[in-house]
1. So what is the orientation-averaged projected area of segment 1-88, using the convex hull of its C-alpha atoms, in nm²?
2. Mind checking the alpha-carbon convex hull of the chain and giving the volume per residue in Å³?
3. What do you get when you divide the Cα radius of gyration of segment 141-265 by 2.2 N^0.38 Å, with N the number of residues?
4. For segment 25-99, run through the trypsin sites (Lys or Arg not before Pro) and keep only the ones in DSSP coil with at most 12 other Cβ atoms within 10 Å of their Cβ.
5. Could you tell me the calculated FRET efficiency between Ser192 and Lys134, based on Cβ-Cβ distance and R0 = 30 angstrom, to the nearest 0.05?
6. Of the accessible area of segment 29-113, with the probe set at 1.4 angstrom, what percent is carbon plus sulfur?
7. Order Lys13, Lys223, Lys116, Lys3 by their accessible area, 1.4 angstrom probe, all chains in place, largest first.
8. Just to make sure I understand: if all protein chains stay in place, what is the order of Leu68, Leu131, Leu6 by accessible area at 1.4 Å, largest first?
Amino acid sequence: MAKLLLAKPLVEKTTENLKKRCEKLKEGGITPCIKVILVGEDPASKVYTRSKKRLGEKIGADAEIVNLPDDVSVEEFTTTIAKHNSDKNVHGLMVQLPVPSQLSGVDIQSLISPEKDVDGATEHSLASIILGSKGENSLLPCTPSGIISLLKFYNIELVGKNVVIIGRSLIVGKPLAMLMTNYNATVTLCHSRTSNLMEHTQNADIIVTAIGQNSFLKACHIKEGQTIIDVGINRNSEGKLCGDVDFDAVEPIVSAITPVPGGVGPLTVLSLAQNLIETTEKNFS
Ligand code: NAD
């Protein structure tokens, strides 16, 4: 039976630490403040923004969802971002994706000040990782940062390990590949055009799936002793939340695995709160 890599103990420990740091900032006259811009009524986006607000408030920060209508104009959208960028009482700013089609041509990340980029998604934040940062010079993208924290928490070594990441998105796969390289892992980044996926996964020490397909990673892809990190958030045919891994088939074979829900998901929100406190301490106090 595999060790379950649960987010809960790490979330509890880190939340306590963030609460104390937030309290200290408040004693110095600064209340960390995050604004999450939500355009429209997408139900999943509403759930994600609410969980960000909840955790922000739990650590003692000000957390506000800025609701914009589904048909907001490009001008009103960019003006709203500019307003919060220049507000010295706002320390973290992010836009919940996806946005409606009239905003699809807007380079959203370039509008956000790098020091308020709590999502770790601006060019500045991403370029810092390529230049070798593990978060010293910039805010890290939330999901990759959460995965690194989870591996550290459960003492799973990255140095010299073969890591296979499946999925090359800009929010998970690509930055995670760079970040893990900075931790001295040997990383193979696979995607929909990879021709011999099974050969790669069977040679890995750690496999990360970030694809968005229920039961994609099966027993035939894996071997004993591996660590599996499942980033996927999907619904199965019964409407139940599940990841990219065929959990029932894979779990009995590998050494360690993240469940869905309860694995990577809560760490993404945790990283956002961590980025908020870090940038407030570093850039605004
Ligand atoms: P995406 O949806 O932008 O892209 C999917 C990626 O999967 C692409 O790079 C594609 O090349 C790859 N892919 C698709 N089919 C493939 C195949 N058959 N073989 C190999 N690779 C294949 O990626 P995303 O935005 O990173 O989202 C991926 C999943 O992770 C989704 O389920 C999303 O909901 C989830 N997600 C979870 C969190 C979290 O906090 N747990 C955060 C971000 C994304």
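The values are calculated or read from the model by the stated rules, or taken from the named source; none is laboratory data. Every value quoted in this text rests on a predicted model; they were computed, and no experiment measured them. We place every Cβ from the backbone using ideal geometry, glycine too, and count neighbours over all the protein chains shown. Accessible surface areas use protein heavy atoms only, side chains included; no ligands, DNA or RNA. Shrake-Rupley method; radii C 1.70, N 1.55, O 1.52, S 1.80 Å.
1. Working: hull surface 31.8 nm².
Answer in nm², one decimal: 8.0.
2. Values: hull volume 36.6 nm³, N = 285.
Here the figure is 128 Å³ per residue.
3. Numbers: Rg = 13.1 Å, N = 125, 2.2 N^0.38 = 13.8 Å.
That ratio works out to 0.95.
4. Working: sites: Lys26, Lys35, Lys46, Arg50, Lys52, Lys53, Arg54, Lys58, Lys83, Lys88; in loops: Lys88.
Passing sites in segment 25-99 are Lys88.
5. Efficiency at R0 = 30 Å is approximately 0.55.
6. Numbers: 2200 of 4200 Å².
That share works out to 52 percent.
7. On the way: Lys13 135, Lys223 85, Lys116 5, Lys3 110 Å².
Listed by decreasing accessible area, they come as Lys13, Lys3, Lys223, Lys116.
8. Numbers: Leu68 15, Leu131 155, Leu6 70 Å².
Sorted by accessible area, descending: Leu131, Leu6, Leu68.
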